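To keep things clear, I will list the structure first and then write my remarks on it.
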Amino acid sequence: MRVNGRVQIAYSILFSIFFHSMRIATTTQDTITHGQSIKDGVTLVSADQRFELGFFSLGTSRSRYLGIWYKKDTVWVANRDNPISDPTGVLHINAGGILALLNSTKDIVWSSNA
């Protein structure tokens with residue numbers, strides 16, 4: 001999937017704002033940094049608890065997506081054209097700050113550098 005420059009910039013800005021005000025809901029961490037990952041089953045919740053980032057399925061589908069939602073309304077999906085077939089997805093931030101969504105075989109499903 002090719003993403004034009006404007007969309008890539010929008011993704012970068014969105015994630016910068018989102019991660020700046022994030023905390024991990026299921027642990028005591030309040031940030032995610034280079035080299036860390038978010039696995040399926042873990043969500044990040046904004047400090048004001050308005051937005052959440054995590055993995056989800058649509059209806060009864062087993063396909064998994066990484067997205068950001070506001071309450072129950074999804075506002076952004078990383079891999080809308082390439083769902084993960086099981087709950088093994090991982091969002092990883094590398095040392096260069098690039099986000100990569102990986103499936104169970106460690107193939108890149110989506111990247112902020114695409």
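The values are calculated or read from the model by the stated rules, or taken from the named source; none is laboratory data. None of the values given here were measured: they were computed from a predicted structure. Here Cβ is always computed from backbone atoms with ideal geometry, including for glycine, and neighbour counts include all displayed protein chains.
Quick one: in region 44-78, which of the residues that are in contact (Cβ under 8 Å) with a residue 40 or more places away in the chain and among the aliphatic types (A, V, I, L, M) is farthest from Gly89 (Cα to Cα)?
Out of the qualifying residues, it is Ile68.
Is there a residue being basic (Lys, Arg), part of a loop (DSSP other than H, G, I, E, B) and at pLDDT 90 or above anywhere in region 23-44?
Among the residues of region 23-44, not one is basic (Lys, Arg), part of a loop (DSSP other than H, G, I, E, B) and at pLDDT 90 or above, which makes the answer no.
Can you tell me which residue within region 61-83, out of those that are loosely packed, with under 11 Cβ neighbours inside 10 Å and modelled with pLDDT under 90, is nearest to Ser112 (Cα to Cα)?
Asp73
Could you list, in sequence order, the residues of region 70-83 that are under 19 Å from Lys39 (Cα atoms), of a type outside the set (S, T, N, Q) and out of contact with any Phe, Trp or Tyr (no Cβ under 7 Å at 6 or more places or on another chain)?
Correct list: Trp76 only.
Matching residues to (1) polar (S, T, N, Q); (2) out of contact with any Lys or Arg (no Cβ under 7 Å at 6 or more places or on another chain):
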{"position": "Lys39", "(1), (2)": "no, yes"}
{"position": "Ser57", "(1), (2)": "yes, no"}
{"position": "Val75", "(1), (2)": "no, yes"}
{"position": "Asp81", "(1), (2)": "no, yes"}
{"position": "Leu91", "(1), (2)": "no, yes"}
{"position": "Asn94", "(1), (2)": "yes, yes"}
{"position": "Ala100", "(1), (2)": "no, yes"}
{"position": "Ser111", "(1), (2)": "yes, yes"}
